[in-house]
Amino acid sequence: MRKFINKLRSKATGAYISAKTALAAKKGEGYIDTALKIIISVVIGGLILAALYTLFNVTVMPTLETKIGEFFNYSGT
């Protein structure tokens, strides 16, 4: 009986220690953190591009503008 109690106590202590280290670990990065960083980067990039358009009042990326213009001026032939 004593061996059984000691074995049970040892396993319980091991489980406690592994749970404690898992909860205390602050390493790693979650999917939500990465998604938030990407969304923030896209929004800031859009704001910077809009500011450049407003500030200089010219087309910043002329090739992109012509490609979009050609796409929407499709004649259907």
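The values are calculated or read from the model by the stated rules, or taken from the named source; none is laboratory data. Predicted model, so just to flag it, every value in this text is computed and none were measured. In this analysis, Cβ positions are derived from the backbone assuming ideal geometry, glycine residues included, and neighbour counts consider all displayed protein chains.
Residues in the stretch 1-50 that are in a helix (DSSP H, G or I) and more than 34 Å from the chain's Cα centre (by Cα): how many? Number of matching residues: 13.
Here Ile17 fulfils each of the conditions (1) surrounded by fewer than 10 Cβ atoms within 10 Å (Cβ to Cβ); (2) among the aliphatic types (A, V, I, L, M); (3) at pLDDT 85 or above apart from (1). Scanning the stretch 51-66 for residues that are surrounded by 10 or more Cβ atoms within 10 Å (Cβ to Cβ), modelled with pLDDT under 85 and not polar (S, T, N, Q) turns up Leu52, Tyr53, Val60, Met61, Leu64, Glu65.
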